[in-house]
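Peer 1: Sharing a structure with you now.
The values are calculated or read from the model by the stated rules, or taken from the named source; none is laboratory data. Bear in mind that the values here come from a model prediction, so they are computed numbers and not experimental data. FYI the Cβ positions are ideal-geometry reconstructions off the backbone, even for glycines, and counts take in every protein chain you see. When the accessible area is computed, the model is the full protein with side chains, heavy atoms only, and any ligands, DNA or RNA have been set aside. Shrake-Rupley method; radii C 1.70, N 1.55, O 1.52, S 1.80 Å.
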Amino acid sequence: IKIYSLHVDCKVTSRFAHTVITSKIVNQANESREVTFEVELPKMAFITNFSMSIDGKVYPGIIKEKASAQKEYDTAVSHGQSAGLVKITGRKLEQFHVSVSIAAASKVTFELMYEELLKRQLGKFELLIKVRPKQLVKHFQIDVHIFEPQGIRFLETGSTFMTNELTEALTKVQNETKAHILFKPTVDQQKINPELDETLLNGDFVVRYDVKRGATAGDIQIVNGYFVHYFAPHEMPVFPKNVIFVIDRSGSMAGRKIEQTRDALLKILQDLRLEDHFSFITFNRKVVEWKSSLLQATAENVASAAGFVQTLSASGGTDINRALLTAVSVLDKAERLPERSVSMIILLTDGQPTSGESNVEVIQENIQKAVNGKYALFCLGFGFDVSYRFLEKMALSNGGIARRIYENADAALQLQGFYQEVATPILMKIEMQYPENAIEGLTQNNFKLFFEGSEIIVSGKISNELDLLPVEIKAQSHTSDLTLKEEANVKEKEQVFQNQSYIFGNFIERLWAYLTIQQLLEKSISAQEEDQKTLEAQALELSLRYSFVTPLTSMVVTKPTGQEQTELVNKPTEAG
């Protein structure tokens with residue numbers, strides 16, 4: 001089975017990435033063989049299309065509502081043969097996998113298409129392409145085009161498999177607003193050594209970049225009546241933080257996990273700013289407060305905390321409920337905190353609640369009542385024994401986010417990386433306002449907190465013949481209340497994209513649909529049952545209209561006669 005051509009073609013237009021992977025394979029055996037197409041794609045991406053063409057006949061994938069696709073599939077296949085074509089393979093990736101049997105000397109072309117909105121983290125966007133052909137490929141290339149009307153501030157490529165020879169196969173061309181990256185190694189350049197037919201290409205190929213930001217009220221772009229508004233202020237004073245770390249030290253954390261937690265916390269302590277206040281609560285079936293109140297992050301207090309962190313050991317049960325309620329009451333009772341400051345609770349746990357209150361619904365209710373919108377709760381789930389859905393619902397109901405920490409050698413770095421993302425709040429209570437009667441389908445436009453290095457994105461449809469789109473941003477910074485205003489000239493903004501040949505025309509509309517679906521799905525996690533149904537129905541309607549494989553849809557893949565006729569492509573979620 002020979003892959004004679006593998007092309008990854010990626011166009012990024014204003015953060016929205018559209019990737020097509022085409023693999024051409026020939027069966028050189030003198031009998032029919034099974035051919036597998038295996039691709040890893042970013043978790044945040046939605047597959048939008050897949051097809052295979054065998055000797056000129058095309059077998060397209062068709063996107064349907066998950067339940068009805070499942071029904072069709074169950075009737076087509078005897079029960080017990082489930083074909084999970086997509087599974088999560090790590091922190092950032094999921095794997096798409098399909099096999100088909102083809103006759104001797106036959107050729108098959110697989111084509112997979114997916115889209116994602118690149119998310120700014122710690123000051124940059126990252127486009128991740130996983131490369132693993134498992135054999136030498138005659139025509140191999142990765143082709144990335146980036147167009148950012150705001151201007152490209154910096155751009156870098158990296159990879160986990162580069163050698164000096166392979167570097168020669170990489171070219172970068174860049175001007176003010178566009179970049180083209182081409183990676184096209186010859187068969188000889190792909191070899192580990194000249195004698196062996198083994199490939200070097202195994203790992204990540206990454207493009208990182210950021211855009212220029214001039215206007216204070218962000219940047220507005222408009223195509224075909226849809227707008228997107230990017231807002232990422234920088235160089236602003238940082239809010240002091242009042243942060244309580246709530247650390248699980250139950251038996252299951254023993255060994256490597258508690259060691260990695262200690263390492264991460266020692267580094268995080270070094271990153272606290274002098275004006276921050278902090279404390280620790282550790283819990284198994286007992287809840288222990290390091291100090292009864294928050295302390296300022298002076299050198300002395302940080303050193304004393306480091307001493308405490310080094311003594312952390314793990315045994316016993318897990319009382320998540322009491323640990324979090326204790327954290328809330330410490331914040332409630334806190335005195336002499338900086339007037340304008342941001343209070344947050346960061347929970348790290350690796351298991352289910354086993355001591356004290358163990359009903360997750362009751363815990364969620366207790367915590368939401370206690371927090372009452374005053375503080376942000378971030379939940380980090382260590383490993384796969386946690387109920388991720390429970391942590392996610394708790395975080396999203398209390399103005400924070402959840403994140404899974406993978407049990408790898410770099411777990412301490414993952415914990416630190418998460419802390420860095422939330423370490424520098426620079427705005428709170430952000431309201432992005434647009435003329436009410438002129439915008440339809442507006443995505444989320446109120447945000448509790450904005451952290452340095454991230455980006456706020458709002459999108460919608462301009463409903464009537466507006467010439468000017470006025471926007472107003474209200475927010476609180478550490479030193480003052482801000483009001484920022486901007487007016488976008490609709491015709492002028494539409495012009496920007498008119499003459500760009502390689503841009504897919506309705507990309508802002510697709511970006512809007514992608515963002516809306518992501519937000520509806522996220523909202524439904526913490527919603528009441530009735531609302532949940534409505535939110536999911538809206539997300540389903542959009543997933544079908546724009547043909548996205550989301551957790552609510554499936555793609556039905558048909559195969560040539562005589563083979564298992566249909567298989568389903570479903571989108572896995574972190575909560576499983």
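Peer 1: Of the residues that sit in the stretch 345-372 and are touching a Gly at 6+ places or on another chain (Cβ under 7 Å) and not β-branched (Val, Ile, Thr), which one is nearest to ALA264 (Cα to Cα)?
Peer 2: Among those residues, the one meeting the criterion is ASP350.
Peer 1: Given (1) open to solvent by 40 Å² or more (accessible area, probe 1.4 Å); (2) within 25 Å of the chain's Cα centre (by Cα); (3) modelled with pLDDT under 95, identify the lone condition not met by GLN221.
Peer 2: (1)
Peer 1: For residues that are in contact with a strand residue (DSSP E or B) (Cβ under 6 Å, 6 or more places away or on another chain) and either among the hydroxyl-bearing types (Ser, Thr, Tyr) or in a loop (DSSP other than H, G, I, E, B) (or both), scanning just the stretch 436-454, find the one that is surrounded by the fewest Cβ atoms within 10 Å (Cβ to Cβ).
Peer 2: For the stretch 436-454, the residue satisfying everything is GLY441.
Peer 1: Can you go through SER480, SER526, SER459 and tell me which one is in contact with a strand residue (DSSP E or B) (Cβ under 7 Å, 6 or more places away or on another chain), of a type in the set (S, T, N, Q) and open to solvent by less than 50 Å² (accessible area, probe 1.4 Å)?
Peer 2: SER459
Peer 1: Follow-up question, since we're still on this one. Return the residues of the stretch 94-113 that are within 22 Å of ILE181 (Cα to Cα) and either open to solvent by 10 Å² or more (accessible area, probe 1.4 Å) or of a type in the set (D, E, K, R) (or both); say none if nothing qualifies.
Peer 2: GLU111, MET113 - these are the residues of the stretch 94-113 that are within 22 Å of ILE181 (Cα to Cα) and either open to solvent by 10 Å² or more (accessible area, probe 1.4 Å) or of a type in the set (D, E, K, R) (or both).
Peer 1: Do we find that TYR226 is touching a helix residue (DSSP H, G or I) at 6+ places or on another chain (Cβ under 7 Å) and in contact (Cβ under 8 Å) with a residue 60 or more places away in the chain in this structure?
Peer 2: Criteria met by TYR226.
Peer 1: Let me ask something else about it. Residues that are β-branched (Val, Ile, Thr), out of contact with any Cys (no Cβ under 9 Å at 6 or more places or on another chain), under 29 Å from GLU361 (Cβ atoms) and not in a strand (DSSP E or B): does the stretch 417-426 have at least one?
Peer 2: yes
Peer 1: Hand me the list of strands (runs of 3 or more DSSP E) wholly inside the stretch 241-349 holding 3 or more residues that are assigned by the TED database to the domain that holds LYS374 and open to solvent by 10 Å² or more (accessible area, probe 1.4 Å).
Peer 2: Counting at least 3 such residues, we get 287-289.
Peer 1: Starting from the stretch 301-319, keep only residues that are within 18 Å of GLU357 (Cα to Cα), then list their pairs with residues that are open to solvent by 40 Å² or more (accessible area, probe 1.4 Å) and not in a loop (DSSP other than H, G, I, E, B) whose Cβ atoms are within a distance under 9 Å, requiring at least 6 positions of separation or different chains.
Peer 2: These pairs meet every condition: THR318/SER252.
Peer 1: For the structure I just gave you, tell me whether GLU492 is modelled with pLDDT under 95 and part of a strand (DSSP E or B).
Peer 2: Criteria not met by GLU492.
Peer 1: Enumerate the strands (runs of 3 or more DSSP E) found wholly within the stretch 136-212, keeping only those where 2 or more residues are surrounded by 14 or more Cβ atoms within 10 Å (Cβ to Cβ) and in contact with a Lys or Arg (Cβ under 8 Å, 6 or more places away or on another chain).
Peer 2: Ranges flagged: 139-147, 152-159, 178-183, 203-211.
Peer 1: Any residue at all in the stretch 280-292 that is among the aromatic types (Phe, Trp, Tyr), farther than 12 Å from ASP248 by Cα and under 30 Å from the mean Cα position of the chain (by Cα)?
Peer 2: The answer is no; no qualifying residue exists.
Peer 1: It is to be established whether one or more residues within the stretch 361-373 are open to solvent by 30 Å² or more (accessible area, probe 1.4 Å), outside any loop (DSSP other than H, G, I, E, B) and touching a residue at least 40 places away in the same chain (Cβ under 8 Å).
Peer 2: yes
Peer 1: Just for the stretch 497-521: of the residues that are more than 23 Å from THR19 (Cβ to Cβ) and either of a type in the set (D, E, K, R) or in a helix (DSSP H, G or I) (or both), which one is modelled with the lowest pLDDT?
Peer 2: GLN498
Peer 1: Taking the stretch 478-489 as the region of interest, how many residues are within 30 Å of ASN242 (Cα to Cα) and either part of a strand (DSSP E or B) or of a type in the set (Lys, Arg) (or both)?
Peer 2: Summing the residues that are within 30 Å of ASN242 (Cα to Cα) and either part of a strand (DSSP E or B) or of a type in the set (Lys, Arg) (or both) in the stretch 478-489 gives 4.
Peer 1: May I pose another question? Would you confirm whether or not the stretch 411-433 contains a residue that is over 28 Å from LEU337 (Cα atoms) and of a type in the set (Phe, Trp, Tyr)?
Peer 2: no
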